[in-house]
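Peer 1: Got a structure for you, written out below as structure tokens; questions coming shortly.
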Amino acid sequence: MIVDVSWRKTPRFAVKLPDNPASLSLANPYPGLEETWYEDEREWGWTLGPLDVIPDLRPAVEIAERFHPSAGQTIDGGDREQVRRQLRSGLTTGQVYAAMGDKRVY
């Protein structure tokens, strides 16, 4: 689960998926909210308007649980050991981010 208060549209909550929601035959659990799919980050999200009441997040949590194990590496989890090696070699976090393809997972 992602709660985004500064990156894309705010406030926004999202789940990471292995493919787009339509390909996974997922129904939008929040049809009354602005829906987004960011292919580059594989994030399916919903943006709250300034007067929106925070919805029940259980449907989004249940979707996330289907694609993320309770233990071990998750989809799009990133190569942590490679990141550690780069940090130990003296690269800054910004340099590691760039070296790993400018993906937020890193």
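Peer 1: With respect to Arg80, is the statement that it is more than 25 Å from Lys9 (Cα to Cα), at pLDDT 85 or above and open to solvent by 80 Å² or more (accessible area, probe 1.4 Å) true?
Peer 2: It is false that Arg80 is more than 25 Å from Lys9 (Cα to Cα), at pLDDT 85 or above and open to solvent by 80 Å² or more (accessible area, probe 1.4 Å).
Peer 1: How many residues does segment 1-55 hold that are open to solvent by 50 Å² or more (accessible area, probe 1.4 Å), closer than 19 Å to Asp102 by Cα and part of a strand (DSSP E or B)?
Peer 2: Number of matching residues: 1.
Peer 1: Okay, next question. Among (1) open to solvent by less than 60 Å² (accessible area, probe 1.4 Å); (2) modelled with pLDDT under 95; (3) of a type outside the set (D, E, K, R), where does Pro69 come up short?
Peer 2: Failing condition for Pro69: (1).
The values are calculated or read from the model by the stated rules, or taken from the named source; none is laboratory data. For clarity, every value in this text was computed on a predicted model and none was experimentally measured. Only protein heavy atoms, including side chains, enter the accessible area calculation; ligands, DNA and RNA are left aside. Shrake-Rupley method; radii C 1.70, N 1.55, O 1.52, S 1.80 Å.
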